[in-house]
1. Before we move on, is Tyr171 touching a helix residue (DSSP H, G or I) at 6+ places or on another chain (Cβ under 8 Å) and open to solvent by 60 Å² or more (accessible area, probe 1.4 Å)?
2. Please name all residue pairs, on different chains or six or more residues apart, with Cβ atoms under 7 Å, provided the first residue is in the stretch 51-78 and is on the phi < 0 side of the Ramachandran plot and small (Gly, Ala, Ser) and the second residue is open to solvent by 30 Å² or more (accessible area, probe 1.4 Å) and not in a helix (DSSP H, G or I).
3. Filter the stretch 92-126 down to residues that are β-branched (Val, Ile, Thr) and under 16 Å from the mean Cα position of the chain (by Cα) and give me whichever is nearest to Val173 (Cα to Cα).
4. Sort out for me the strands (runs of 3 or more DSSP E) sitting completely within the stretch 64-182 that have 2 or more residues that are among the polar types (S, T, N, Q).
5. Right, Val148: crowded, with 16+ Cβ neighbours inside 10 Å, among the aliphatic types (A, V, I, L, M) and over 14 Å from the mean Cα position of the chain (by Cα) or not?
6. Output the residue which, of all residues in the stretch 127-143 that are free of Cβ contacts under 8 Å to residues at least 24 places away in the same chain and open to solvent by 100 Å² or more (accessible area, probe 1.4 Å), is farthest from the chain's Cα centre (by Cα).
7. Any chance the stretch 100-121 includes a residue that's surrounded by fewer than 15 Cβ atoms within 10 Å (Cβ to Cβ), of a type in the set (Gly, Ala, Ser) and in contact (Cβ under 8 Å) with a residue 40 or more places away in the chain?
8. Quick check: is even one residue across the stretch 69-88 within 16 Å of the chain's Cα centre (by Cα), open to solvent by 60 Å² or more (accessible area, probe 1.4 Å) and of a type in the set (Lys, Arg)?
Amino acid sequence: AFDGTGYGTDGAVWGSEFLLCRGIEYERAGHLKYVTLCGGDEASRNSGMTAFCYLSAGGSEPAHPDSDVIRAALNSGLFTQKTSSMGRLFDAVSAILHISRENTYEGESAILLENAAYRALSGGTEAYTLHFPLTFDEGQITADPVAVIMEISRAYGEGADVNALALGFHYAVAEMTADICLRVRGKSGENKAALSGGVFANEILTTNCIALLEKNGFQVYSNEQVPANDGGIALGQTFVAGRTVI
């Protein structure tokens, strides 16, 4: 389940969850490592601020007109939240590549990042190779988004092609998705993978995730009659309500 903002049972903002489901019960088997963002709802609008938070988590001192205020919030912990959001990661990458620093409509930064990746594909530009390091802690698999952010920032600063980096990021997310699914299957035996959440409105990501998973023998499901984004939430709520014994 890849999206921008999801309620986390541990009080964090979720959004990159690998959930092993049995009926209405689930086990959280994997996710992106938490990054601390500031600004509450503003984080979903201000991609530049989000990028600052990710870069700060990697030990960088990025330029931003509100850097003193953002840094003070991160240092004090006031008006901040820990998140595993995939949507905010897409926003951060878009801002770091100077593609989009603000969401004037929902998903704008991510959409423009996908457009840059399409330009690489249509122009025959080779994707820049990126990789999410994985770690294993207390039975969960976590992927490190900060490592990817820092590599993108470094490569961009050294003049790497923006479109190549955008495409490479999409490929890296797809490869990480398949890798974690393989590891979860190795422990659980589960061979069905369902891809949903607003981030899977991204055609490049969804197509590559499906291709990699099917190549590895998974039976893959994706949204067709119900939206992958918030328009599909009510159906899931209805399913859970219908299976819940009061």
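1. Values: touching a helix residue (DSSP H, G or I) at 6+ places or on another chain (Cβ under 8 Å): yes; open to solvent by 60 Å² or more (accessible area, probe 1.4 Å): yes.
Yes, satisfied.
2. Listed pairs, sorted by first residue: Ala57/Thr36; Ala73/Phe79; Ala73/Thr80.
3. Start the filter on the stretch 92-126 by keeping residues that are β-branched (Val, Ile, Thr), which leaves 93, 96, 99, 104, 111, 125.
If we keep only those that are under 16 Å from the mean Cα position of the chain (by Cα) too, we end up with 93, 96, 111.
Details: Val93: 12, Ile96: 17, Ile111: 15 Å.
Ranking the qualifying residues of the stretch 92-126, first place goes to Val93.
4. On the way: elements: 80-83, 134-137, 140-143.
In the stretch 64-182, the matching strands (runs of 3 or more DSSP E) lie at 80-83, 140-143.
5. Values: crowded, with 16+ Cβ neighbours inside 10 Å: yes; among the aliphatic types (A, V, I, L, M): yes; over 14 Å from the mean Cα position of the chain (by Cα): no.
No, not satisfied.
6. Residue satisfying both the conditions and the ranking: Glu138.
7. No, because not a single residue in the stretch 100-121 is surrounded by fewer than 15 Cβ atoms within 10 Å (Cβ to Cβ), of a type in the set (Gly, Ala, Ser) and in contact (Cβ under 8 Å) with a residue 40 or more places away in the chain.
8. The answer is yes, given that some residue of the stretch 69-88 is within 16 Å of the chain's Cα centre (by Cα), open to solvent by 60 Å² or more (accessible area, probe 1.4 Å) and of a type in the set (Lys, Arg).
The values are calculated or read from the model by the stated rules, or taken from the named source; none is laboratory data. Note that the structure is predicted; figures quoted are calculated from it, not measured. Note that each Cβ is placed from the backbone with ideal geometry, even for glycine, and that neighbours are counted across all protein chains shown. All accessible areas refer to the heavy atoms of the entire protein, side chains included, with ligands and DNA or RNA removed. Shrake-Rupley method; radii C 1.70, N 1.55, O 1.52, S 1.80 Å.
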